[in-house]
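Let me begin by presenting the structure, written as structure tokens, before commenting on it.
Rule-based calculations on the coordinates, nothing more; no lab input. The model shown is predicted, which means the values in this text are computed figures rather than measured ones. We place every Cβ from the backbone using ideal geometry, glycine too, and count neighbours over all the protein chains shown.
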Amino acid sequence: MRKWRRAFALAAVAASGAVLAGSAPAQMPMLVDLANHRIHIDAAFTGAELLLFGALDRRGDVVVRVVGPPTEIAVRQKINTGGIWLNGDRVGVGTVPSFYSVAASRPLDAIASADLRQDLELDVRYQVRADVPDAHRAGFIRNFTRRGLYAVEQEPVKIIGGRLFRATVTLPAETPPGEYWVETLLFREGILAHRRINRLLVERVGFESFLFDLAQERPAEYGLLAVVLALAMGVTAAEVFRRV
Amino acid sequence: MEIYLPIAGMPVSIVLLLGIGFGTGILSGMFGLGGGFLTTPLLILIGIPPTVAVGSEASHIAASSVSGLVAHARRGNVDLRMGLVLLAGGTLGAVTGLAIFRLLSRLGQIDDAISLIYVVVLGTVGVLMGLESLRALRRHRLGIRYRPSRQTLLRGLPLRVPFRRSGRYMSIVPPVLTGFVVGVLSTIMGVGGGFILVPAMIYLLGVPTQVVVGTSLLQIAVVTTIATFLHAAFNQNVDLLLGLLLLIGAVVGAQVGSRLMVRLRGEQIRFLMAGLVLLVVIMLGVNLVLPPDDPFFVERLP
């Protein structure tokens, strides 16, 4: 299924390239689209690949940034207290993107100056409030990077023939559901030349979404369901095994 | 084969969950334990968020202990009066435990407190039970008949009633207190509390091992049923799919366990249980002492 989708997306890239070569819409320096605008979390979900493709009117550097829904987190440090590792104080990090990835066609520092990167808040550390202690900020970024939630310059944007480009963004198994912003930036001679934004929706579907919504919206009924199910299962099992 | 757990928000191997369920099911049928003291740390170890592990575990223990309870009740291994007296104290203890749990949560020390309480309580229980069962096993080999000592400590307490099934005539004060302490600890630790209740009934209350198992399952089933509802209603941390997979394994295991138990003598059961409890203590203790891979960790705030 995924392979088929990818083949389809590549065909679409080729098609858009052909259109571009033919009519050459000079007013549009960059065209971008996602292979799918919705990612479904169902019972078989173990992560997904987001495929983005596009076309340029002439050569340039492309940076693709994906930002997940905001989440509020805190960081703690384990401290050795008399031979035992205990939790240190909770340090509030505030609201951060629950997912953050940046992919670029060349190393970021070759594409844009430090000042411009800071203005665009491209570096992941700008996603964290400035007053958070350095060690805690680094610890948080390390944690999210290890879990695949933060990925900066891990997979490149591939530019084909100077005109077409594609980027794949790996969404890990614990990808949080919600609305994602996919921002594609075009740089030329170190200047931001164009910016496109696409929306991506990551959502629970089917049984997953039914259970989750029930648990969140009708917790008392969900609790009763859990209890009845547990008791029924227990009694049924005892009955079944009595006859064996 | 992996399945995505909706509340935990992550995919987990189905076989792994069934296996964990089966293993704890055997314990539940054999020892009258819910097995939560083993499952909860295991679930956290495979990456389930701790709150979801505790909440879903409650639903799983409720189901597997009900299954074990029915099986034992059928063999007449449940002292209903003893169970109700224990529950009177246990319910009160659960409320008190919840208050302590909330206080520790506010102080931000709940997970360390849980680990330390696990190590101290399980360590004490495991060592005491291991030593006692070794002595009993040696007595059996030497052919000495075991005479349980009449608890002189418990003499002279008021409200004495007969517990016919247990063959005891004693005050209801010790079982109420036992139920209370177990209720407090089981709420804080997020488990059924069988591993404290079973030895307490054997050593403090002098209830015969065969009756202990069924009777403790009664308390565990009721307490975890209440806990399941409270967790789901107030914390939204019960993952039904996780609980369901665990208990499919567990109900099978519980039946196997209650059959195995019939073939074993009381002190053999207690010896195995002590070994298992100490294994968990070592696992948790090592985690507390070894330096963590990364001292920084992230908490998601609601």
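The table that follows gives values for the structure above.
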quantity: Calculated FRET value between A:T236 and A:A135, using beta carbons and R₀ = 41 Å, to 0.05; calculated: 0.20
quantity: The range B:214-273: trypsin sites (Lys or Arg not before Pro) in DSSP loop, at most 10 other beta carbons within 10 Å; calculated: B:R263
quantity: Degrees, to the nearest 10: B:110-142 long Cα axis against longest axis of chain B; calculated: 30
quantity: Residues with amide H under 5 Å from that of B:F296, placed H, sequence gap 5 or more; calculated: A:K78
quantity: Karplus-derived 3J(HN,Hα), 6.51/-1.76/1.60, for each residue of the range B:84-95, Hz, glycine and proline x; calculated: 5, 5, 4, 5, 4, x, x, 5, 4, x, 5, 5
quantity: Segment B:V15-B:A88, extension gain: residue separation times 0.36 nm, minus the distance between their alpha carbons; calculated: 22.4 nm
quantity: Karplus (6.51, -1.76, 1.60) ³J(HN,Hα), θ = phi - 60°, over the range A:146-152, in Hz, Gly and Pro reported as x; calculated: 4, 7, x, 7, 10, 9, 10
quantity: Folded to 0 to 90 degrees: helix B:266-289 orientation relative to chain B principal axis, Cα; calculated: 30
quantity: Computed [θ] at 222 nm, helices only, for the protein assembly as shown once each DSSP H run of length n ≥ 4 contributes -39500 (n - 2.57); calculated: -18000 deg cm²/dmol
quantity: For chain A, projected area of the alpha-carbon convex hull averaged over all directions, nm²; calculated: 20.6
quantity: Degrees separating the helix A:206-217 axis from the principal Cα axis of chain A, which is the longest one; calculated: 70
quantity: Loop chymotrypsin sites (Phe, Trp or Tyr not before Pro), the range B:53-147 (other Cβ atoms within 10 Å of the site Cβ: 13 or fewer; DSSP); calculated: B:Y146
quantity: Given 12 as the ceiling on other Cβ atoms within 10 Å, longest exposed-site-free region of chain A for GluC sites (Glu not before Pro) in DSSP loops; calculated: A:1-120
quantity: Cα gyration tensor shape for the range A:205-244, rounded if a/c is under 1.5, else prolate or oblate; calculated: oblate
